[in-house]
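This report concerns only the one structure given below.
The values are calculated or read from the model by the stated rules, or taken from the named source; none is laboratory data. Nothing here was measured: the structure is a model prediction, and the numbers come from that model. Ideal geometry is used to build each Cβ from the backbone, glycine not excepted, and the neighbour counts take in all protein chains shown.
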């Protein structure tokens, strides 16, 4: 019995010892969790109302644990707002001023640039000597930006100078010591910049100042005015040309097309332009990144080499990409619609119809025209992926490239219908299209705006091509011709691009000369004039069928049957 009593006492002793050890472990673990929660509270609340002494205690307690690396992190996060609050407290004006001075010294350009929003209007200022391709670059860039939805306009300083002079006298106006001439040029530049500012203030996106801006003082004043006074973004583009062949071509174009030399003989014009260039070269100060704190792009030999410095912003990056692929070569481009198709004869839109008999005759005539040129100046041919354009270009002896972006406008649910059938089935859609043909999108189809979007890469590539024949469709060619001829967007859907006609574009400077070459093959007329808002010819959804079809061109189903017969058949 005594042995059993001793054994039971040992069991009780071990049980009590176990409970004591368990309680100690729980107590230690609880203190650890409370310390961690307190540290979390310091992090999340920014140490609220804790003193520096409490911070010290937190750091000391955490040092005793095994997670020392977390201690440093917690203290660093907790100290930063407290230190900032001490510096900003009353009585610490000296420290506050020292911190502000330090920030200004470290990053003046960064703070200044952040004040200008990415969505602020952009002024592009050209820099360089005459005959370096500035005007050509300015207008090509404006055409590109306008096509991409950035309302852009070029402000040519030379045009403003001519307003102050009834007649251009001589190169003396460009001498640095000619005070009257310098005053006129400064006033002209000021007026051009002011008009550019008004353009941007009116809600437009980009203004291009086409001037020389050859001195650092001019560029500094213009940059300060745009950034500080107006809050506009500014980008300088410097044009440099060392290619003698390119330089000579630019000089010839100035002599032929500049208004300054239209009343001079060729010898007088050449001598005057040479002396004008000498005056500018004595004053020219190229952009130096070490001396000027401006963002700029240097374009050498019209895109052969492009260098960028401090270029930031979405618009600026897009401009840089366009300049990188630009070439300033003379070019000739030919545009033609496919030959008359079976759908053209029937008055149907869209589809993938084959050529009619007269369309096949046009294909042979077109091949004869370009094959005769092949021995002198070979051409390349771009077509759409549709059957009628490939058949039209089949006999041309040249490399042919089908391009999907050149496919005709997709008419959606109206593919293959005549205008009469469209009015009968979808009168409301037909009226909406007449109200705004540029932006109207066929159900399950496309609009002219959609065509413009998918043509962007094609147009960029075509700008640097020479002797290309584009065999396309009416809506697509309207957009392409509108791009090269700087047509207004609302005019695109109503440009007349007739069948069996070659449209030849020849570049001169930044403009294009248009020549229409009609081949002697008869065809239908598919051109539909723009409906007018009149009582008998309106665009209302409540108009009658007769009013809706007033401007629809005639086709096989609506013309007298004997019109389609040959003279022999008509006699029979």
Residues that are under 34 Å from the mean Cα position of the chain (by Cα), under 14 Å from residue 345 (Cα atoms) and either at pLDDT 85 or above or surrounded by fewer than 17 Cβ atoms within 10 Å (Cβ to Cβ) (or both): does region 522-536 have at least one? yes
Residue list for region 159-169, restricted to those being outside any helix (DSSP H, G or I) and loosely packed, with under 15 Cβ neighbours inside 10 Å: 164, 165, 166, 167, 169
Residues of region 456-466 being crowded, with 16+ Cβ neighbours inside 10 Å and either outside the structural domain of residue 493 (by TED's automatic domain parsing) or within 23 Å of residue 371 (Cα to Cα) (or both), which ones? 462
I'd like to verify a number: residues in region 419-428 that are surrounded by fewer than 19 Cβ atoms within 10 Å (Cβ to Cβ) and either in contact (Cβ under 8 Å) with a residue 12 or more places away in the chain or in contact with a helix residue (DSSP H, G or I) (Cβ under 8 Å, 6 or more places away or on another chain) (or both), how many? 5
Criterion (in contact (Cβ under 8 Å) with a residue 40 or more places away in the chain and over 23 Å from residue 509 (Cα atoms)) met by exactly one of 283, 331: 283
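Can you pull out the residues in region 271-319 that are part of a strand (DSSP E or B) and either outside the structural domain of residue 205 (by TED's automatic domain parsing) or in contact with a helix residue (DSSP H, G or I) (Cβ under 7 Å, 6 or more places away or on another chain) (or both)?
297, 299, 306, 308
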From (1) surrounded by 12 or more Cβ atoms within 10 Å (Cβ to Cβ); (2) modelled with pLDDT of 90 or more; (3) over 30 Å from the mean Cα position of the chain (by Cα), pick out the condition that doesn't hold for residue 295. (3)
Top-ranked residue in region 320-347 [being touching a helix residue (DSSP H, G or I) at 6+ places or on another chain (Cβ under 9 Å) and part of a strand (DSSP E or B); ranked as nearest to residue 133 (Cα to Cα)]: 333
Hey, residue 396 in contact with a helix residue (DSSP H, G or I) (Cβ under 8 Å, 6 or more places away or on another chain), in the same structural domain as residue 552 (by TED's automatic domain parsing) and either surrounded by fewer than 16 Cβ atoms within 10 Å (Cβ to Cβ) or touching a residue at least 40 places away in the same chain (Cβ under 8 Å) (or both) or not: yes
For residue 479: the one exception among (1) touching a residue at least 12 places away in the same chain (Cβ under 8 Å); (2) over 18 Å from the mean Cα position of the chain (by Cα): (2)
Considering residues that are assigned to a loop (DSSP other than H, G, I, E, B), modelled with pLDDT of 75 or more and in contact with a helix residue (DSSP H, G or I) (Cβ under 7 Å, 6 or more places away or on another chain), the number found within region 540-566 is 6
Could you list all residues from region 137-157 that are touching a helix residue (DSSP H, G or I) at 6+ places or on another chain (Cβ under 8 Å) and either modelled with pLDDT of 95 or more or outside any loop (DSSP other than H, G, I, E, B) (or both)? 137, 141, 143, 144, 145, 147, 152, 153, 154, 155, 156, 157
For residue 385, the lone unmet condition from (1) at pLDDT 95 or above; (2) assigned to a loop (DSSP other than H, G, I, E, B); (3) crowded, with 16+ Cβ neighbours inside 10 Å is (3)
Matching entry among 469, 497 (being assigned to a loop (DSSP other than H, G, I, E, B) and either under 26 Å from the mean Cα position of the chain (by Cα) or surrounded by 14 or more Cβ atoms within 10 Å (Cβ to Cβ) (or both)): 497
Is region 364-379 home to any residue that is crowded, with 16+ Cβ neighbours inside 10 Å, assigned to a helix (DSSP H, G or I), without any contact (Cβ under 8 Å) to a residue 60 or more places away in the chain and touching a strand residue (DSSP E or B) at 6+ places or on another chain (Cβ under 9 Å)? no
